[in-house]
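We did not get these values from a lab; they are worked out from the coordinates using the rules stated. On a predicted model such as this, the values are computed, not experimentally measured, just so you know. In this analysis, Cβ positions are derived from the backbone assuming ideal geometry, glycine residues included, and neighbour counts consider all displayed protein chains.
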Amino acid sequence: MTAHTHAPDLEGTAQGTATPPAGFALTRHLARVTETVGGIALALDVLVVFVSVICRYALHAPLDWAEEVAQALMITLVFSGAATAMARGRHMGVEMFQAALPAPLRPWLQQISRWILFGVSLGLLWATAGLLKESFSQTTPTGLPQAMIVAPVLFGVVVMTVAALEQALAGPRAVMIASGAMVGLVAAAAVLLPGLAPDALPSAPAAVGFCLVFGLVAGVPIAFTLGLGAFVYFLLDPSLPLPIFAQQVTAGVDQFVLLAIPFFLLAGGAMEINGMSARLVELIVRGMGRMRGGLNLTIVTAVAFFSGVSGSKLADVAAVGGVLMPAIRRTRQSPGDAAGLLAASAVMAETIPPCVNMIIMGFVANLSIGGLFLAGLVPAALLAIALCVIGVIAGKRIDVAEAYPDRTPLRALLAGGAVGLVMVLMIGKGVVSGIATSTEVSAFAVVYALVVGGLAFRELTLRKVVRLFADTSTLAGSLLFIIATATSLSYTLTMEMIPQNMAAALVAFVADEGPWLFILLSIVLMAVFGAVLEGAPALIIFGPILVPIAQQLGLAPLHYATVLIIAMGIGLFSPPIGLGLCTTCVICGVPMSQVVRPMMKYLAVLVVALVLIAMVPALTLWLPRSAGY
């Protein structure tokens, strides 16, 4: 079981409002096209960045056009992947609120959600068409046509719109027509009233807030909930040209540094499909299994190790949970307890390089990514030790032969661990030392995983590699599309001066109490929104607001950002609505009702450790200051 085989499917189970019926021939064909385009774009992107690094550092002949071409390919990857995720119902959303409603209301809410998906996609299509028209007369800084950036956006959005419409038309006929009429009337009012009766309109912030709350409650995928809020804002303010909406969505992912996200996902996936994950987990079990709590120690250790490769916590959970849960059941251990510890270990791994959320935080808050990577190591170690202690106390000894009745030769297990360890060290050394950027290091990690891993284990086939690139493009596209729409929403908040007003209010509120009240409030805020919004949007929206306030109050930015990331992770993997925990339960095949109670002890330890980390800045600042950050 690989993260890149399962993670996209799990995203589909997390929301369920857009899952297309099996008979959608057009949607299936479109998904194959976008999946192919996304996989090719990802492969070309790796090649461009890898060759660029060789030319720059080895041949001292940098390619001036490489970064812009890489960004254009990345935008192709993002919107093709997002379109594939739409066609296959794999965008993440919160279903808990919808599930709590009376049964007769659920089909209506589900159908309204599908119409909202279509409406947001159509609005983005409308805006992107206008942006593309403007781009024909523009060029990039190196003289390349600006249209090469916008055209892939239009391609992906067209597919999203067609897939969303096909899904919306598939509902029960009466519900489909009535709900479509309701959504259409509201949309018509949003379009026409600003010109006909501006005094009858609600305030833009109130309308945006309502859209966000309704979208979350209705189970609309998070990316489209954020996009809905931003789109409504642009509709209610005629002074803002609609193409700016598409421009902001595109700008959210038109950043070279964000290429590290799909590259690290790809590197982690490559190490899994060549058999390293299974070998490593078996090696740890055979080494620690006879100890008290050996399987618990294996969970924490394995998650920490894989976090040093993939960057995605859901990919780490899929890699470890998929391989280890059968052994847990064979040894008659509690699956609920194991799933709870697996989710808690994912929180611990949020600050282990090259975590995606650390890259995002560094990008949105203008912090050194290398510095953040170093700042997260000691807190991650502290959280890991705390989880291991509780895991040993609560765990039991197992019979290793029962866990693995068919054993892999020890030489193969050691080889898997050695190849993976070299990769972790290469990533860490490359980024932290400043020898290369995180994107450049991640491109080398992909090549290493494919070439060295393929030669070492000889399990890679062309078919597996093609599938890996296609699956990774879909997963990365769905993740980065959240960043894109969150950026557009952040733009609307800035237009309304909400960050500035919020900053002033917070500074005034904590003026008499000092920075520690602020940091505790920040922990609560990020835990709540980490659960509701998923990690990336919470960081994109609140990171640029809160980090400058922390600096005003005298808090070190690297320390404060690390605390925010851990708090966000606790929310993401906490019951009852944390999307990370929902995904973990699906991976492990355990109902959440069996996970919540045994997980409480692990969550309690994480919260206590986080408070300690927040109150003792030296824990996060020692390593980065020693390295000159």
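Here are some notes:
- In terms of its alpha-carbon gyration tensor, region 415-477 comes out oblate; a/c meets the 1.5 threshold, while b/c is at least as large as a/b.
- Note on region 170-219: percent of Cα-Cα distances in each 5 Å bin, starting at 0 and stopping at the bin with the largest distance, equals 4, 17, 18, 25, 18, 11, 6, 1.
- For the pair Leu192 and Leu47, label points projected 7 Å from Cα toward Cβ lie 5.2 nm apart.
- For region 42-53, 3J(HN,Hα) per residue [Karplus equation, 6.51 cos²θ - 1.76 cosθ + 1.60, θ = phi - 60°, Hz, x = Gly/Pro]: 5, 4, 5, 5, 4, 4, 4, 5, 4, 5, 4, 5
- Rg ratio for region 105-225: its Cα radius of gyration over 2.2 N^0.38 Å, N being its residue count, equals 1.25.
- Gyration tensor over alpha-carbon atoms, the chain, equivalent ellipsoid semi-axes in Å: 36, 27, 27
- Average Cα contact separation per residue, region 292-447, under 8 Å, 6 or more apart, as relative contact order %: 31
- Solvent-free Debye calculation, one equal scatterer per alpha-carbon of region 3-257: log10 I(q)/I(0) at 0.11, 0.14, 0.15 Å⁻¹ equals -0.65, -0.99, -1.10.
- Of Trp65, Trp108, the sequence from fewest to most neighbouring Cβ atoms within 10 angstrom is Trp65, Trp108.
- Inter-site label distance for Cys55 and Ala505 at 7 Å from Cα along Cβ, in nm: 5.0
- Between helix 535-552 and the chain: long-axis angle, C-alpha atoms, 0 to 90°, nearest 10: 90
- Cβ-placed point charges (K, R +1; D, E -1), dipole of the chain about Cα centre in debye, nearest 20: 1900
- With contacts taken as Cα pairs under 8 Å at a separation of at least 6 residues, region 3-257 carries a relative contact order of 28 percent.
- Shape call, region 233-295: gyration tensor on alpha carbons, a/c limit 1.5: prolate
- The angle between the Cα long axis of helix 377-394 and the main principal axis of the chain comes to about 60°, on a 0 to 90 degree scale.
- Ranking Val400, Gly571, Met358 by Cα position along the charge dipole of the chain, where only Lys, Arg, Asp and Glu carry charges on their C-beta atoms, puts Val400 farthest toward the positive end.
- Using a Förster distance of 45 Å, the FRET efficiency for Lys133-Phe97 (Cβ separation, nearest 0.05): 0.70
- Karplus-based coupling profile of region 500-506, in residue order and whole Hz: 5, 5, 5, 4, 4, 5, 5, with θ = phi - 60° in 6.51 cos²θ - 1.76 cosθ + 1.60 and x standing for Gly or Pro.
- For Lys429, Lys464, order by how many other beta-carbon atoms lie within 10 Å, fewest first: Lys429, Lys464
- Seen from all directions on average, region 540-599 presents a Cα convex hull projection of 5.1 nm².
- Mean separation of Cα contacts under 8 Å (6+ apart) over length of the chain, as relative contact order %: 20
- Helix 276-288 and the longest principal axis of the C-alpha atoms of the chain enclose an angle of approximately 40°.
- Residue order, fewest to most surrounding Cβ atoms within 10 angstrom, among His559, His29: His29, His559
- Placing unit charges on each Cβ (+1 for Lys and Arg, -1 for Asp and Glu) gives region 3-257 a dipole about its Cα centre, and among Ala85, Gln255, Thr142 the Cα reaching farthest toward its positive end belongs to Ala85.
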